[in-house]
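What follows is calculated from the coordinates using simple rules that are stated; it is not laboratory data. Just so you know, these numbers come straight off a predicted model, no measurement behind them. Reconstructed Cβ throughout: ideal geometry from the backbone, glycine too, with neighbour counts over all protein chains shown.
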Amino acid sequence: MSWETVTLEWDGDVATLTIDRPDALNALNVETLEAMQEALAEAKREDARALVLTGAGNAFIAGADIKYMQDLSTEEALEWGELGHAVADAIEAFPAPVVAAINGFALGGGCEMAAACDLRVAAESAVIGQPEIDLGIVPGFGGTQRLPEVAGEEAARRIIYLGQRLDAETAAEVGLVGEVVGDDELDARASDLAAELAEKPALALRGAKRAMNQRAEGSKEAGLGYEREVFAGLFGTHDQREGMEAFVEDRDPSFK
Ligand code: DAK
């Protein structure tokens with residue numbers, strides 16, 4: 001299969017899923033999320049032993065597509081959030097380990113997709129964070145639930161409440177990424193890590209992943225459901241409309 005904004009390439013048993021919408025810094029729209037779902041399903045069907053998630057050009061994923069989101073109604077936002085959750089869940093539940101190769105901006109929905117991966121390697125120029133608060137919304141692709149698991153409660157709350165964009169070194173300090181490498185070394189390092197994982201006993205590795213995911217399950221379902229409600233409820237508010245309009249018009253927002 002082939003898609004306009006996503007590619008799936010193979011090196012032996014290792015699949016690489018690349019978001020390929022560089023003109024929009026790989027921002028996620030409906031088409032791209034649906035393509036990601038299909039590509040993940042294909043990689044699963046073909047029994048990938050490890051998967052690398054990355055972005056084309058100079059970005060990993062600069063977030064959900066603000067131009068698409070700006071006029072969504074609450075009902076539309078609910079559907080949108082469900083699609084994003086489905087993709088993040090598919091990454092998290094992918095049978096083999098998923099490595100995020102963070103090659104630039106991983107903001108908003110991009111940070112959330114990275115958080116759904118098993119391991120994160122960042123290029124030294126990467127910028128990672130959750131700027132949604134300054135658009136008048138909250139993270140909606142799982143960030144309120146997964147970020148604390150990955151980076152810890154305090155760091156996650158700072159990132160989400162303050163809309164922080166962290167450089168790669170700072171992201172590593174709080175545990176949001178596992179390692180930082182030179183920009184030119186990222187592809188090779190992510191490939192090496194994925195290849196090393198692909199050489200491990202597949203059943204054991206899958207079992208370890210399932211068991212570790214189970215640990216985090218707890219009340220996450222309830223949390224995600226709550227996140228969907230909160231998220232969608234913000235669409236149509238003054239601050240959401242103003243925050244997104246200001247982004248599109250390239251001016252400072254004026255919040256209530
Ligand atoms: N959406 C749409 N377009 C984007 C984009 C985005 N998130 N990020 C960048 N672009 C586009 C820019 O508009 C520009 O397009 P053109 O003007 O050329 O047509 C192009 O990509 C290049 O961007 P810039 O010219 O801005 O490039 P710079 O290098 O100057 O700046 C930047 C790069 C990443 C710092 C800047 O583009 C930026 O701040 N982008 C927005 C980052 C951001 O706020 N991301 C979080 C998005 S919100 C929900 C479900 C999910 C979500 C929310 C709700 N519900 C269910 C309710 C998720 C929310 C998010 O992810």
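In the neighborhood of Ala123, defined by Cβ-to-Cβ distances under 10 Å, what is the net charge if each Lys or Arg adds +1 and each Asp or Glu adds -1?
With Lys, Arg at +1 and Asp, Glu at -1, the neighbours total -4.
Using unit Cβ charges (K, R positive; D, E negative) and no other charged atoms, how large, in debye to the nearest 20, is the dipole of segment 104-256 about its Cα centre?
That gives a dipole near 780 debye.
To the nearest 0.05, what FRET efficiency results for Lys200 and Trp10 with a Förster distance of 22 Å applied to their C-beta separation?
Given R0 = 22 Å and the Cβ-Cβ separation, E is 0.75.
Using the per-residue mean of other Cβ atoms lying within 10 Å as a proxy for protection, in what order, highest first, do the peptides 109-122, 182-195 fall?
Per-residue mean Cβ counts within 10 Å order the peptides as 109-122, 182-195.
I need the calculated FRET efficiency for the pair Gln214 and Lys44, taking r as the beta carbon distance and R₀ as 25 Å, to the nearest 0.05.
It comes out at approximately 0.85.
In nm, to one decimal, how far is the modelled label at Ala93 from the one at Glu79, with both set 7 Å along Cα→Cβ?
2.2 nm
When DSSP assigns beta bridges and you keep just the ones with both residues in the chain, what percent turn out antiparallel, to the nearest 5?
Roughly 30 percent of the DSSP beta bridges within the chain come out antiparallel.
Among all the lysines, which ones have a C-alpha under 29 Å from Lys256's C-alpha, if same-chain residues fewer than 8 places away are not counted?
Those lysines meeting the cut-off are Lys67.
Subtracting the Cα-Cα distance from 0.36 nm times the residue separation, let me have the gained length for Glu173 to Glu31 in nm, one decimal.
47.7 nm
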